[in-house]
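Chemist: Just passing along the structure, written as structure tokens.
The values are calculated or read from the model by the stated rules, or taken from the named source; none is laboratory data. None of the values given here were measured: they were computed from a predicted structure. Here Cβ is always computed from backbone atoms with ideal geometry, including for glycine, and neighbour counts include all displayed protein chains. The protein model used for the area step is the full one, side chains on, heavy atoms only, and it has no ligands, DNA or RNA in it. Shrake-Rupley method; radii C 1.70, N 1.55, O 1.52, S 1.80 Å.
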Amino acid sequence: MLAHGPLLTPDARLSRALVRSVPDAVTERLCDLGNIEVAVPVLVLVMAYVVQRTRRWRPALAAALAMALVPALIVPLKDWTARPGPLEPWAAGYFPSGHTATSAVAYLSAALLLGPHTRRPWPTAAALLLAGATAVGLVLRGFHWPLDVLASWLLCAPLLLAVGAVSRSTRGSSSRTPSRRTGPS
């Protein structure tokens, strides 16, 4: 499918139409949102905030594990597929996009951790905006094909579903609020 197939031609056409349609100075900043040095500290700060506020470690640890699994999932696929890049056909390892996966897991995990504490949609909206901006920047700059980015989003979905499940399962009570079953402490 990566060497031939029905999706390659539309992928290449879309890429040719989009690459460098926005100034590089803009798209490079968008791409930087997916750098480990940018995305991971955001997640770490949110994890620390949530643990400090709730005294519950499980959701933060689930988010940390999801982030740690990103390279374990993405790097072998890059090596296995060895897909060339849009602007560098001699280079390999573009499928799937590591920057897209990093931004998706970092920002959306942070939103999943923050969501119960804000009771507003802004964390999810901000996370989708940041992760989406990263993906768009990578395609517009020519660092990745559109399918590289889409594949990363799909590969990260199970990790994010797991973080969401752990976050929801531990919402019941915190050490600072009385449990419904036991009454006031």
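Chemist: Across region 68-88, what is the total count of residues that are part of a loop (DSSP other than H, G, I, E, B) and free of Cβ contacts under 8 Å to residues at least 60 places away in the same chain?
Modeler: Total satisfying the criteria: 3.
Chemist: Here's a follow-up. Just need a number here: residues in region 89-103 that are under 13 Å from Ala12 (Cβ atoms), crowded, with 16+ Cβ neighbours inside 10 Å and without any contact (Cβ under 8 Å) to a residue 24 or more places away in the chain.
Modeler: The qualifying residues number 0.
Chemist: Tell me the residue from Ala126, Ala135 that is in a helix (DSSP H, G or I), in contact with a helix residue (DSSP H, G or I) (Cβ under 8 Å, 6 or more places away or on another chain), more than 25 Å from Thr9 (Cβ to Cβ) and at pLDDT 95 or above, please.
Modeler: When all the criteria are applied, what remains is Ala126.
Chemist: Residues in region 1-44 that are part of a helix (DSSP H, G or I) and not basic (Lys, Arg): how many?
Modeler: Adding up the residues that qualify gives 26.
Chemist: Determine whether region 22-30 contains at least one residue that is touching a helix residue (DSSP H, G or I) at 6+ places or on another chain (Cβ under 6 Å), of a type in the set (Ser, Thr, Tyr), open to solvent by 20 Å² or more (accessible area, probe 1.4 Å) and under 22 Å from Ala133 (Cα atoms).
Modeler: no
Chemist: Sort out which residues of region 31-56 are open to solvent by 50 Å² or more (accessible area, probe 1.4 Å) and under 18 Å from Gly85 (Cβ atoms), and write them in order of number.
Modeler: Answer for region 31-56, where residues must be open to solvent by 50 Å² or more (accessible area, probe 1.4 Å) and under 18 Å from Gly85 (Cβ atoms): just Asp32.
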